[in-house]
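Report on one structure; see the data block that follows.
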Amino acid sequence: MKIVTIKEVSEFLKIKQSTIYSWVNQKRIPSFKLNGLWRFDMEKIEEWVKASYGLKVVPQRITKKAKKKQDIDRIVKHAIEEIYGKE
């Protein structure tokens, strides 16, 4: 058993420490607390990585909410209809 820190796991996996903290909180990575500090068994981390080889990684789509394009005439017409009603 080789116990390592978040920094060491971060360097091993080539990812940010904040990502490791996030994974720990989501219980996505094998970890444990030792005297209040997060620690990792490097053998379990290596097994976890090997087990991940078979997983299909699907990138998450980041979608932006499309803004409606409205011209000024349409906006004014809508405002008038709200005040006076449709004619």
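Looking only at residues in segment 13-51 that are in a helix (DSSP H, G or I), in contact (Cβ under 8 Å) with a residue 24 or more places away in the chain and hydrophobic (A, V, I, L, M, F, W, C), which one is farthest from M1 (Cα to Cα)?
So, considering only residues that are in a helix (DSSP H, G or I), in contact (Cβ under 8 Å) with a residue 24 or more places away in the chain and hydrophobic (A, V, I, L, M, F, W, C), the one farthest from M1 (Cα to Cα) is L13.
Of the residues V4, V9, only one is more than 19 Å from Y53 (Cα to Cα), of a type outside the set (D, E) and out of contact with any Cys (no Cβ under 8 Å at 6 or more places or on another chain); which?
Matching residue, one of V4, V9: V4.
Out of segment 29-72, which residues are modelled with pLDDT under 90 and of a type in the set (S, T, N, Q)?
Matches in segment 29-72: S52, Q60, T63, Q70.
Is it fair to say I75 is modelled with pLDDT under 95, over 24 Å from the mean Cα position of the chain (by Cα) and surrounded by 12 or more Cβ atoms within 10 Å (Cβ to Cβ)?
When the stated conditions are applied, I75 does not pass them.
The values are calculated or read from the model by the stated rules, or taken from the named source; none is laboratory data. Note that the structure is a prediction, hence the values are computed from the model and not measured. FYI the Cβ positions are ideal-geometry reconstructions off the backbone, even for glycines, and counts take in every protein chain you see.
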